Amino acid sequence: MVGKSRTDQSFRTHSTTGRCATHKDGSLTVGESPDPPPALDFQAAVFLDVDGTLLEIAPRPELVQVPPGLPGLIARLAEERQGAFALISGRPLAQLDGLFHPWHGAAAGLHGIERRRADGSLACILDSASETALGLIRPKLAALAAHGSGLVLEDKGGTLALHYRAVPEREAEIRAYAETLRVEAGATLRLIPGKMVVEFQPHNVNKGLAMSAFMAEPPFLGRRPVFVGDDTTDEDGFTEIRRRGGIAIRVGEPRKPKANYGLPSVAAVLDWLERTGLP
């Protein structure tokens, strides 16, 4: 369900435990420190993952819920930075536009296969070899995710994601089979294990490369980058942001070496963005 945009009001999202992100036991962390990461300044180039970062993960991708004030918040964050703000997601651009309507700013979809620049122009990475490899494994994944299996195959065209959130006990089996398919597909595809999902994507795209492309263009050019993400699909982004001397923030799990800051939950991310985005 997609909530309606309300740009004239703020919002608060609480975690499922009932603790607000501003409470002491739900605060930001820098490694093991209780200090928050630096506030978002208006000169930063801001990149945000979507599922697990801005939105709570749902049993199925189409079941996510968008807090009513979120489209307005991201529109404001983008405006404050003269458009140096982008969503970086595994979802297609069309889904991002539907979720965050009426916002329609810079974004990378399908891990960077689709990219909309700040000026609205589009760039797409086409790779016939990876398309052929995806075509070979697609029917096998579809058969595995047949009705009653508890599995959900999300066919995004340029990538394939197999979700097993409803049957977590099958994780070892699913990951082993996915690795077998990766080997069969050859070097053109990479396999990314995520939170109850395995995803096949072209080897020549990732979120780090997408952010690098944005950083070479105005209005991102010359700004210090900030990236917030939560999953293994975001680790290329963390690496790229830290290579540029930026701020990499991991959501949920304890901080790993590729991120230099942490936030405990989606609720904490939304609270931090709202507070640091205010003049």
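The values are calculated or read from the model by the stated rules, or taken from the named source; none is laboratory data. Just so we're clear, the structure is a prediction, and the values are computed from it rather than from any experiment. Virtual Cβ from ideal backbone geometry, glycine too; neighbours counted across all protein chains shown. These accessible areas exclude ligands, DNA and RNA; they are computed on the full protein's heavy atoms, side chains included. Shrake-Rupley method; radii C 1.70, N 1.55, O 1.52, S 1.80 Å.
A residue that is within 19 Å of the chain's Cα centre (by Cα) and at positive phi can be found somewhere in the range 50-61.
Residue-wise test of (1) without any contact (Cβ under 8 Å) to a residue 60 or more places away in the chain; (2) among the β-branched types (V, I, T).
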| position | (1), (2) |
| --- | --- |
| A176 | yes, no |
| V183 | yes, yes |
| R190 | yes, no |
| N204 | no, no |
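Of a type in the set (A, V, I, L, M), over 30 Å from A176 (Cα atoms), free of Cβ contacts under 8 Å to residues at least 24 places away in the same chain and open to solvent by 20 Å² or more (accessible area, probe 1.4 Å): does that describe A94? Criteria met by A94. Contact map, the range 64-80: residues that are over 15 Å from F42 (Cβ atoms) and aliphatic (A, V, I, L, M) paired with residues that are part of a helix (DSSP H, G or I) and modelled with pLDDT of 95 or more, Cβ distance under 8 Å, separation 6+ or inter-chain. Pairs shown: V64/L99; V66/L99. Give the range 81-91 a look and list any residue that's surrounded by 23 or more Cβ atoms within 10 Å (Cβ to Cβ), closer than 20 Å to Y261 by Cβ and touching a residue at least 60 places away in the same chain (Cβ under 8 Å), or say none. Residues satisfying the conditions are A84, A86, I88. Exactly one residue out of F214, F200 is under 17 Å from A129 (Cα atoms) and either at pLDDT 95 or above or in contact with a Phe, Trp or Tyr (Cβ under 6 Å, 6 or more places away or on another chain) (or both): that is F200. Where helices (runs of 4 or more DSSP H) fall entirely within the range 202-279, none has at least 3 residues that are of a type in the set (V, I, T) and open to solvent by 10 Å² or more (accessible area, probe 1.4 Å). Scanning the range 145-191 for residues that are touching a helix residue (DSSP H, G or I) at 6+ places or on another chain (Cβ under 9 Å) and in a helix (DSSP H, G or I), we see that the one that is surrounded by the most Cβ atoms within 10 Å (Cβ to Cβ) is A178.
Go through A75, A84 for me and flag whichever is under 21 Å from A267 (Cβ atoms) and of a type outside the set (K, R).
On the way: A84 fails: under 21 Å from A267 (Cβ atoms).
Criteria check complete, one pass: A75.
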